[in-house]
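Presented below is the structure to which this report refers.
We did not get these values from a lab; they are worked out from the coordinates using the rules stated. Everything quoted here is computed from the prediction, not taken from an experiment. For neighbour counting, all protein chains shown are included, and Cβ atoms are generated from backbone atoms with ideal geometry for every residue, glycine included.
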């Protein structure tokens, strides 16, 4: 791999480069691309370190400090992946989402514009077109973004707001900054604290025999390495555009555009869960699976919310989770394949093997620590 | 299958009755206008083909005779190829020269021992009729005969493959190309030449190829047991060696799990052609042409579903039931959308049977979902323009809960309320409460409070009563 590099990226700065997606981008940029330097800006730079990258601690909502760092590093391209974990429905969680996703992104844009960065790639989310209630069949970039009262997930609302800022900042005179936004769906892999962690928790709690809905609902899950790859492809193409005196034709344009990114391999929701459990050591088939209908799941979700509301604890199961695991939500990524020339580098199965393998390793390390 | 089976499966019986009673052929042959030799050709068609004779005879009159004769020429080649009593030194030149033979008036062959030998014994009838064809159709048949004859001769001489079986997936697909892909090529050229299909299909040979591959691979998967008994082996080693060490192990009950997983692997490989096949069939411009190509394809996906995770495939020849076959024929003689629903239904059945312990579990699931996704691109159920309009309309409205959610919430609240009321009234009654005065008291309360609204004295006044 090391001998065949995919292209030149110059100096790359990954915001959130110590996070789940961010550190995969840092690693891939260093292993598969020609970069003069790779840096990360993160709230805390203690985990997911790559020896060949430089690390800078900074809260991105601190615009002054961020600009200072950018002026020092002078990156050609900034890849902005930083975002809080998308869970929690409390006032504090909402405030955090708005502050980091919208305020932080605004600060990143301004810092890029003020320090002469050529290209900004933003990590949005495929959930910005979902209202978590209605199914999405083969949705592409023409689908409307769900905003305001229709958007029941405040996290998605803030991601959509930030994406809008990023796209507006494309070629915003007098700055020459080029921007693009990627919308990955259901990211999983090594270092994942949501998708795989959730399925593995269900497995550890012996919930793997329960199935909500009839499992005809198709869903997109995307291996994090593929998402990282798409970001670097977009960065490369933005830099190429920046180097060219002409604005590209609309059908091959990357700047000012939005792209869905998936594994191009939607699957039935519970089949993905079973493949994860299988990788974690399950030897169960599908006989004896307890199927709870979609309607019943939603009623149970409501009951659980009411119950935990009474005892004043965050609910372990909610209507939203019941709906998300029984709804159809998959995307058509023809645009990314055509314009970014994106093709997934890892299949779903390879992604699961890597991701679950990482979890198993971490557990072994934890156990070793405990026994010491 | 007896009457009892259909008593247990009335839906299948219904499909059979429906097909027999209501299926109206798009076109019918008219034997009165046919020459004696042509009638003889149709007799051979009925004799040699169970599955294709009916659909061929319903074809548009423009192609009825060309396709029939094309089929008979290929059947003639096939009979020579399959006949193990003909020595290789005779067989190979016969196969390679068959495109010349089909020009020789009065040619007959009497040395075959195959069950379809009668066709070769009276092959002069076919030759007579071939000469009456329009030139473009005749040329296509001749060209395809040349290609197929040479392909078959190559395989007949390939002792390495006959002894050791097919090795790689590439070899496997090349074999399928010679026995089915070329037939598909010939048919596409006839369909395009007669304008019964979109001429664009001529520019997309990979679609035609997939049509043949899908049918041939399905046959190979299904016939594993029969071929094993006859000493033939078409499953490529590249696939089966992932599951068992020796070919014979597939038929050893000890390795049943591995054998079933090997079949899954083969089914997964065959399913990769489905999107191309659906796309190809979208190019048909004539109902009879559509039926002609759609019925075998729909039967193939149903057969794959039948073979998938079915250990019986290793022990005997499995077949779709007559009821299912009639149901499929009903649905594949209408339009592409109905046909797509057949494909979706069988894809979902395969997905439902899929086992998480199968090494290809997730790949199979993804393949089935991919078929559904492709059908979605042909017949999208969501229109982004309409969705955008709706979203804009909603944006201006008051945020409300959806009606179904509201109904559920109201239902839950009411149910809880009624249960609790019942319980409390019950307990009160059990403890000796009297309800006979309740209503009059309540009435009094309301009338008095209404009389002097806002005055606290009225309430204290009541307490004093």
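So what's the angle, to the nearest 10 degrees on a 0 to 90 scale, between helix A:20-32 and the longest Cα principal axis of chain A? That works out to roughly 50 degrees. Peptide packing: for B:308-318, A:194-204, the average count of neighbouring Cβ atoms within 10 Å per residue gives the ranking A:194-204, B:308-318, highest mean first. The Cα center of the stretch B:121-149 and the Cα center of the stretch A:70-148 differ in position by 66 Å.
Using every pair of distinct Cα positions in chain B, the Kirkwood expression returns a hydrodynamic radius of 27.1 angstrom.
Each residue in B:61, B:225, A:23 was given a count of other beta-carbon atoms within 10 angstrom of its own, and listing them fewest first yields B:61, B:225, A:23.
Given their separation in residues at 0.36 nm each and the Cα-Cα distance between them, residue B:47 and residue B:157 gain 36.7 nm when the chain is fully extended.
Comparing A:123, A:318, A:158 in a Gaussian network model of chain A, where Cα atoms under 10 Å apart are tied by springs, the biggest mean-square fluctuation is seen for A:318. With coordinates expressed along the principal axes, the C-alpha atoms belonging to chain A extend over 62, 51, 40 Å, beginning with the largest. Packing, taken as the mean count of other beta carbons within 10 Å per residue, orders the peptides B:180-192, B:18-30, A:138-150 from highest to lowest as B:180-192, A:138-150, B:18-30. With a Förster radius of 60 Å applied to the beta-carbon distance between residue B:14 and residue A:72, the computed FRET efficiency rounds to 0.15.
Seen from a random direction on average, the alpha-carbon convex hull of the stretch B:33-157 projects onto 7.3 square nanometres. For chain A, adding -39500 (n - 2.57) for each run of n ≥ 4 DSSP H residues and dividing by the number of residues yields -12500 deg cm²/dmol at 222 nm.
Restricting the calculation to Cα atoms, the stretch B:85-143 shows an Rg/Rh of 1.00 when the hydrodynamic-style radius is the Kirkwood one. Other protein chain C-beta atoms within 10 Å of residue C-beta, averaged over A:145-158: 2. When the Cα atoms of the stretch B:132-206 are aligned to their principal axes, the ranges along those axes come out at 44, 27, 12 Å in descending order. Taking other C-beta atoms within 10 Å as the exposure proxy, B:128, A:179 rank B:128, A:179 from fewest upward.
Modelled this way, with points 7 Å down the Cα-to-C-beta line, the labels at residue B:88 and residue B:335 are 5.5 nm from one another. Here the label points at residue B:198 and residue B:416, each 7 Å from Cα along the C-beta direction, are separated by 5.6 nm in the simple model.
Computed from Cα positions, the angle between helix A:63-73 and the longest principal axis of chain A comes to roughly 60 degrees. Mean-square fluctuations from a GNM of chain A, with a 10 angstrom spring cutoff on Cα atoms, peak among A:59, A:135, A:283 at A:283. Over all pairs of different C-alpha atoms in the stretch A:228-310, the reciprocal of the mean inverse distance, the Kirkwood hydrodynamic radius, equals 18.1 Å. For the protein assembly as shown, compute the orientation-averaged projected area of the C-alpha convex hull (one quarter of its surface), in nm². Mean projected area for the protein assembly as shown: 53.9 nm², to one decimal. Once divided by 2.2 N^0.38 Å, the Cα radius of gyration of the stretch B:169-379 becomes 1.01.
On a per residue basis, the convex hull of the C-alpha atoms belonging to the stretch A:1-92 measures out at 103 Å³. Sorting B:34-40, B:364-370 by average packing, meaning the other beta carbons within 10 Å per residue, from highest down gives B:364-370, B:34-40.
Neighbouring Cβ atoms from other chains, within 10 Å of the Cβ of residues in A:218-229, number 1 on average. Rounded to the nearest 0.05, the FRET efficiency derived from the C-beta distance between residue B:287 and residue B:104 at R0 = 35 Å is 0.40. How high is the FRET efficiency between residue B:424 and residue B:382 when r is their beta carbon distance and R₀ equals 56 Å, given to the nearest 0.05? With R0 = 56 Å, the Cβ-Cβ based efficiency is 0.70. Working from label points 7 Å from Cα in the Cα-to-Cβ sense, the residue A:308 to residue A:201 distance is 0.8 nm. Counting, for every residue in A:263-275, the Cβ atoms of other protein chains within 10 Å of its Cβ and taking the mean gives 5. Think of it as helices only: each DSSP H run of n ≥ 4 in chain B is worth -39500 (n - 2.57), and spread over all residues that comes to -21000 deg cm²/dmol at 222 nm. Of interest is the spacing of the C-alpha centroids, which for the stretch A:193-267 and the stretch B:298-373 amounts to 30 Å. Every Cα-Cα pair of the stretch A:137-286 was included, and the share exceeding 23 Å stands at 51 percent. Here the stretch A:221-372 yields Rg over Rh of 1.10, to two decimals, using C-alpha coordinates and the Kirkwood radius. Largest mean-square fluctuation among A:137, A:55, A:154, in a Gaussian network model of chain A whose springs join Cα atoms under 10 Å apart, belongs to A:137.
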